[in-house]
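These notes concern the structure reproduced below.
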Amino acid sequence: MVNFRGIRSKKALEMSFSFIFAMIVGAVIIFLAIYFASSLIKTSERQHSSEIAKEISILINPLQTSIESSKEMSIELPQKTKIYDSCYIETPFGRQTFASAVESLGGKYGKKGAEISIYNKYIFSNSIEEGKKLYLFSKGLNLPFKLGDIIIMTSGKYCFVAPPENIAEEILDIKNKGGMKNIEVNNSLEECPTDSTSVCFDSACDISVYKASCIDCENEYDIGYVYKNNSRSYYVKDLLYGAIFSDKEVYDCNVKRLMQRAYQLSLLFVDTSDVMAREGCFTNIDADLAIFASAAIHLNDSVDLLNIRELAEGRDGLQSKNSNSLCKLW
Amino acid sequence: MVGKKSQLRIKQMSFMLLAAVLFFVLAGMFFLMFSYSNLKNKATDLNKQQALTIALRLAGSSEFGCVDQAYCIDTDKVIALKGRSAYLDFWDVSAIEVIKLENRSRECTLASYPDCELIKVIDNNDTNKIAVPLYVSLCRKALEYGNVYDKCELGQLLVYYKRI
């Protein structure tokens, strides 16, 4: 209780001193309590975001294909989340990092969680994907042996306008299995929802796919380039989906990472063929593997993929030599 | 007398405050310890999940898989893969081993292969590691009476994860 009887009163001085002392210490305690509570909330928010990124990286594991041609899944997140996808080219395999930030009260995003590094997956997405639901599908990339799985991760809406038959069938097949519900296939641009990103073939759109001339290709869009945000990303085979659904930086980086894998696998196959030769099983493709490995590791731009494809699957490419060999390496 | 009384009250208040601060510090430490051990358990659990999903998928990879056969490991590839430093962090696990189901478990080297049972493919020298075992078929090229054929045996793929 504060006593205002007079400044000269000893009791009044005593009371006011203890009051001021209690006030200062109380304020310090309350300040510390608020400070620790808010930093604890921030830490647990960051912990939660880090857990989400790690869980996504684990949830993606079953998307790796073995005998099946493609796989699909969707991930429902507890709240609206931003996923940050960064890709780094490093020796020997490069890496991708994932971090997430969850939406907190007031629609603001919390701090980005810890970055989770992934070395053995190739995830094609925009640098920032935002939403409550993530749609994923994967396809194995054989060039000529399996280099890995191209994993596509999207959250936005896409509209494919009059795609070639094989691509339309593939997308409808994935949709029939319950995946990629964010993709529509329509016959004309007018039918596309206004909030979707349009993907056209040999015509101008948000994303345009142009084919390149190819003699020994199975389908007309097996090689070509994707024109998006005023830049070209060249693709071969199912890298088409990677070029459509990811930012150019993520795409180019992942293509280089895939080529780093191709290089390491080529070296591994040369050593494997030596082991098999001890049992009288000869492959005779060591020299071709060395040329392929050198081309793969020296890839500078996605346009070099066309040359890699020629070495891998051209008339006298690695694939035909391996197929004709008594002892196949892949 | 009054001065002594007020000094005593300040002392009392100081002790009270010290006790309150000590209480909050202890409570905070207990809370941190509890949440830290929870976090450790969660991290170990996530590592286990990761090791399991990787074990299930390894046979489908180019580094381990047999030609034209699903759920099979080509030991010719695996022995060539052993000790390649490039692959140490690739699968983000503590260790990967392939073992034939036999009474002996002699470690394989390039020289002793195939007369051995255990191939330590990757080892990151983690001390506190736990294995996720998976039964697989192990195949290799073998020569018998002038013919090369695929010799297959039953084995185990062991993917180790780190207990945090």
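The values are calculated or read from the model by the stated rules, or taken from the named source; none is laboratory data. All values reported here derive from a predicted model rather than from experimental measurement. We place every Cβ from the backbone using ideal geometry, glycine too, and count neighbours over all the protein chains shown.
General observations
- Residues that are touching a helix residue (DSSP H, G or I) at 6+ places or on another chain (Cβ under 7 Å) and closer than 17 Å to residue A:121 by Cα, drawn from the stretch A:261-291: A:262, A:263, A:264
- Residue A:140 over 15 Å from residue A:86 (Cα atoms) and crowded, with 20+ Cβ neighbours inside 10 Å: yes
- Qualifying residue in the stretch A:123-132 (condition: in contact (Cβ under 8 Å) with a residue 12 or more places away in the chain, polar (S, T, N, Q) and either touching a Lys or Arg at 6+ places or on another chain (Cβ under 9 Å) or within 14 Å of another protein chain (Cβ to nearest Cβ) (or both)): no
- Subset of the stretch B:26-54 [more than 8 Å from every other protein chain (Cβ to nearest Cβ), of a type in the set (A, V, I, L, M, F, W, C) and in contact with a strand residue (DSSP E or B) (Cβ under 7 Å, 6 or more places away or on another chain)]: B:51, B:52
- Residue match in the stretch A:271-281 (condition: among the aliphatic types (A, V, I, L, M), free of Cβ contacts under 8 Å to residues at least 60 places away in the same chain and more than 30 Å from residue B:150 (Cβ to Cβ)): no
- Just one residue in the set B:69, B:49 is part of a helix (DSSP H, G or I) and among the polar types (S, T, N, Q); that residue is B:49.
- In the stretch A:39-59, the residue that is surrounded by the most Cβ atoms within 10 Å (Cβ to Cβ) out of those that are within 10 Å of another protein chain (Cβ to nearest Cβ) and of a type in the set (A, V, I, L, M) is A:58.
- Hits in the stretch A:266-321 (condition: out of contact with any strand residue (DSSP E or B) (no Cβ under 7 Å at 6 or more places or on another chain), assigned to a helix (DSSP H, G or I), of a type in the set (S, T, N, Q) and more than 14 Å from chain B (Cβ to nearest Cβ)): A:294, A:307, A:320
- Residue match in the stretch B:34-52 (condition: loosely packed, with under 14 Cβ neighbours inside 10 Å and more than 20 Å from residue A:50 (Cα to Cα)): no
- Here residue B:146 clears all of (1) closer than 24 Å to residue A:265 by Cα; (2) within 14 Å of another protein chain (Cβ to nearest Cβ) except the condition numbered (1).
- Residue that is farthest from residue A:193 (Cα to Cα), among those in the stretch A:149-162 that are buried (at least 20 other Cβ atoms within 10 Å of the Cβ) and out of contact with any helix residue (DSSP H, G or I) (no Cβ under 6 Å at 6 or more places or on another chain): A:149
- Scanning the stretch A:256-295 for residues that are under 25 Å from residue B:110 (Cβ atoms) and under 27 Å from the mean Cα position of the chain (by Cα) turns up A:260, A:261, A:262, A:263, A:264, A:265, A:266, A:267, A:268, A:292, A:293, A:294.
- Within the stretch B:56-108, the only residue that satisfies the criterion of being in contact (Cβ under 8 Å) with a residue 24 or more places away in the chain, of a type in the set (Ser, Thr, Tyr) and more than 12 Å from every other protein chain (Cβ to nearest Cβ) is B:94.
- Condition check for residue B:28: under 30 Å from residue B:149 (Cβ atoms) and free of Cβ contacts under 8 Å to residues at least 40 places away in the same chain: no
- Comparison of A:242, A:224 shows that the only residue that is within 26 Å of the chain's Cα centre (by Cα), buried (at least 17 other Cβ atoms within 10 Å of the Cβ) and more than 21 Å from residue A:153 (Cα to Cα) is A:224.
- Every residue from the stretch B:110-125 that is touching a residue at least 24 places away in the same chain (Cβ under 8 Å) and assigned to a loop (DSSP other than H, G, I, E, B): B:110, B:113, B:114, B:124
- Verdict on residue A:88 being under 21 Å from the mean Cα position of the chain (by Cα), surrounded by 13 or more Cβ atoms within 10 Å (Cβ to Cβ) and at pLDDT 80 or above: no
- Note on the stretch A:273-330: residues that are basic (Lys, Arg) and either surrounded by 19 or more Cβ atoms within 10 Å (Cβ to Cβ) or more than 26 Å from residue B:78 (Cα to Cα) (or both) total 2.
- Checking each residue of the stretch A:171-192 against the condition of being more than 25 Å from residue A:295 (Cα to Cα), touching a residue at least 24 places away in the same chain (Cβ under 8 Å) and of a type in the set (Ser, Thr, Tyr) gives at least one match.
Here's the yes/no breakdown for (1) more than 11 Å from chain B (Cβ to nearest Cβ); (2) hydrophobic (A, V, I, L, M, F, W, C):
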| position | (1), (2) |
| --- | --- |
| A:31 | yes, yes |
| A:34 | yes, yes |
| A:37 | no, yes |
| A:61 | no, no |
| A:73 | yes, yes |
